[in-house]
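Comments concern the structure below.
The values are calculated or read from the model by the stated rules, or taken from the named source; none is laboratory data. Predicted model, so just to flag it, every value in this text is computed and none were measured. Every residue, glycine among them, receives a Cβ derived from its backbone with ideal geometry; neighbour counts consider all protein chains shown. For the accessible areas, the whole protein counts, side chains as well, though only heavy atoms, and no ligand, DNA or RNA atoms are used. Shrake-Rupley method; radii C 1.70, N 1.55, O 1.52, S 1.80 Å.
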Amino acid sequence: MLSSHGLKPGTSARGAGRAPAAALRYARLCSARTHSRSSRVAAAAVAAERLDAQVCVVLGTQWGDEGKGKLVDILAQQYDIVARAQGGANAGHTIYDDAGNKYALHLVPSGILNRDSTCVIGNGVVLHLPGLFEEIENLKKKGVSVEGRLKISDRAHLLFDLHKEIDGLREAELAGVGKQIGTTKRGIGPAYSSKATRNGLRVCDLQKLDTFAEKLRKLSLDGEKRFGSGFVYDVDGDIEKYHELAKKVLPFVTDTVEYLHTAYDEGKRILIEGANATMLDVDFGTYPYVTSSNPSIGGIATGLGLPPTKYDALVGVVKAYTTRVGAGPYPTEIFGDLAEGLREIGREYGTTTGRPRRIGWMDIVALRYSCRINGLTHLNITKLDVLSELDEIKIGVAYKTRDGQTLRSVPADLETLENVEVAYETMPGWKSDISAVRDWKDMPQAAKDYVQRIEDLIGIHCKWIGVGPGRDALVVKPAKGK
C-alpha cells in the first residue's frame, strides 16, 4: 500500500534520501552515458530505424514539457526539413548532442543539430527577433551554425517588447482579482491578439521600413490607450533597433509555403515539430488556462500551409506521468513529498521560465482526448526512468462528477473539471534503474506492463520509450504481438 505521499509507510522521498540519491545517480548517468562510445552507437541504431513517413508530425499530448525536442532531434537525422508551425519563445525544448552538450531552444527548431537538415519557422509562429538572434548566437558559440540552414516565413507575425509589456500588465490585472493565467510573460498572447485584431506586423513588413515605423507607432498607441501611464515602451528606440534587425533577418526570409510544397513534390522528407501541447490548445485545452495558439493538429496545417492530406505519421509525445506550469485545473495532481521527489529526479523546472512544474499521475482521460483530436498514429512515452523509485504507480482512467456520473472525456466546464474525482488503477513499480536499458527485452517486466497498459487503454502503439535525457536514452518497443 502507498502512504499519503506514495512511498512505503515510514519512508519519505527526501527523508530516506531516496529521491536525492536517485537524482544524483540520474545526473551522473546522464553525464557519463552521453560521452560513451556505446551511447553513440545506441543513438545511431535508433536513428537508423527509418520511419516510413515522408511527412511526420510530432505533437505534445498533455500540458507541454513532454520532451518533444528530444524525439525531433533524433528523428531529424532521417529528415531533410524540420519545421515549427506555431507558438513562440514560450516553447522550451531541451536537447543533447552525442557528446552530452545541452541546448535549450525556444524558436529555432530542434532539428538544428542535424547539419544536413534545413529548419523552417512557419507563418504560425510569433517571432521575437532579438530573442531569435540571441539563440542563434548561443548556438554559434557551441559550434552550430544556422547559415544557409534556417528559413523564416515572410508571413510570420512579429512579437515586440511592447507585447511583453502588455503581457505583464494583463497578468498583474488578473492577479488583482485572483484570476491570473500564469503565462510566461513572453508576450505570446498579446502578439496573437495583434494578429487577430489585424494590426500586427509581419516579417514581410521589414522589407518596407518606412511603413514599418508607422505601423509600429500605431500598435504602440493601442497599448498606451489601454494601459495609460502604466505602459512603458520606447517605440522610437525599437524602430531604430528593427532597422538593424531587418538587415540581419531578411537573408533568412522566404515564402515558406512555396518552399515546403516544392520540397514535398521533390520527395524531400519533412518533420514538423509541435510546440506547447493539446491540453493548452486555445480551443481544446483548459480554457482560459491555455496558450494563445493551436498546438493541436489544426495549428500545424494553418501554421505551415501544408495540408493534412500530406501527413503520413502523427506522433504524440506523452510523459510517463504528467506535469503542468501555471494555473488551471489538473485532476491527477500529486502533492507533498512524492511530488517534490519526482520534481527533483525529473528536473521538472521550465526550460523557458525556470518555474517548478506541478506533478501528477498519468491521465488517460486527457491523453485519450488528445489522441482523438490529433488522430495520432504513434506514441512516444518519455521519462519512464523517473518513476523507477516508486513502489506503486497510479494511472488515472476515468473522471467521476460529484453526482456520480462517469466522464470518459475532458469536460469544457472548468468547475466540473476542477471537482472531478479520478478513478485510478494501481500498478507495481519496477524498483530498479532503467536508465541504461536500450533494448525492450531488457526492460523490467513491471515497466513493460506499465507501458503496455497505457497502450491498451489508448489503443495506439507506444513505439518509443524514453529512459533518460540523452539522445541515446531511447528504447524502441515492438508492436504488440511482434
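Some observations on this one:
- Tally, over the stretch 184-239, of residues that are open to solvent by less than 90 Å² (accessible area, probe 1.4 Å), part of a helix (DSSP H, G or I) and in contact (Cβ under 8 Å) with a residue 12 or more places away in the chain: 26
- Top-ranked residue of the stretch 79-115 - restricted to ones that are of a type in the set (Ser, Thr, Tyr) and within 18 Å of the chain's Cα centre (by Cα), ranked as modelled with the lowest pLDDT: THR94
- Test: ALA447 is outside any helix (DSSP H, G or I) and on the phi < 0 side of the Ramachandran plot: no
- Here LYS431 meets each of (1) in contact (Cβ under 8 Å) with a residue 40 or more places away in the chain; (2) among the basic types (Lys, Arg); (3) touching a strand residue (DSSP E or B) at 6+ places or on another chain (Cβ under 9 Å) with one exception, condition (3).
- Within this structure, THR309 passes the test of being part of a helix (DSSP H, G or I), at pLDDT 95 or above and β-branched (Val, Ile, Thr).
- Subset of the stretch 63-79 [in contact with a Ser or Thr (Cβ under 6 Å, 6 or more places away or on another chain) and open to solvent by 10 Å² or more (accessible area, probe 1.4 Å)]: ASP65, GLY67
- Only one of the numbered conditions (1) under 23 Å from GLN77 (Cα atoms); (2) more than 14 Å from the chain's Cα centre (by Cα) is violated by ASN276, and that is (2).
- Only a single item in (1) within 26 Å of LEU338 (Cβ to Cβ); (2) out of contact with any strand residue (DSSP E or B) (no Cβ under 9 Å at 6 or more places or on another chain); (3) open to solvent by 60 Å² or more (accessible area, probe 1.4 Å) is not met by LYS480, and it is number (1).
- Residues (open to solvent by 70 Å² or more (accessible area, probe 1.4 Å), part of a loop (DSSP other than H, G, I, E, B) and either among the acidic types (Asp, Glu) or within 16 Å of TYR289 (Cβ to Cβ) (or both)) located in the stretch 405-421: ALA412, ASP413
- When ILE334, ILE364 are checked against the criterion of being in contact (Cβ under 8 Å) with a residue 24 or more places away in the chain, in contact with a helix residue (DSSP H, G or I) (Cβ under 6 Å, 6 or more places away or on another chain) and not small (Gly, Ala, Ser), ILE364 stands alone in meeting it.
- Selection of the stretch 93-111 for residues being open to solvent by 20 Å² or more (accessible area, probe 1.4 Å), in contact with a strand residue (DSSP E or B) (Cβ under 7 Å, 6 or more places away or on another chain) and over 20 Å from VAL475 (Cα atoms) yields LYS102, ALA104.
- Remark: VAL386 matches the filter, which requires a residue to be open to solvent by less than 10 Å² (accessible area, probe 1.4 Å), modelled with pLDDT of 95 or more and either of a type outside the set (D, E, K, R) or within 26 Å of the chain's Cα centre (by Cα) (or both).
- The stretch 400-443, subset hydroxyl-bearing (Ser, Thr, Tyr) and under 25 Å from the mean Cα position of the chain (by Cα), residue farthest from LEU474 (Cα to Cα): SER409
- Test for GLU66: is it out of contact with any Gly (no Cβ under 9 Å at 6 or more places or on another chain), among the charged types (D, E, K, R) and touching a residue at least 60 places away in the same chain (Cβ under 8 Å): no
- Against the test of being in a helix (DSSP H, G or I) and either within 19 Å of THR322 (Cβ to Cβ) or at pLDDT 50 or above (or both), the options VAL57, VAL72 yield a single qualifying residue, VAL72.
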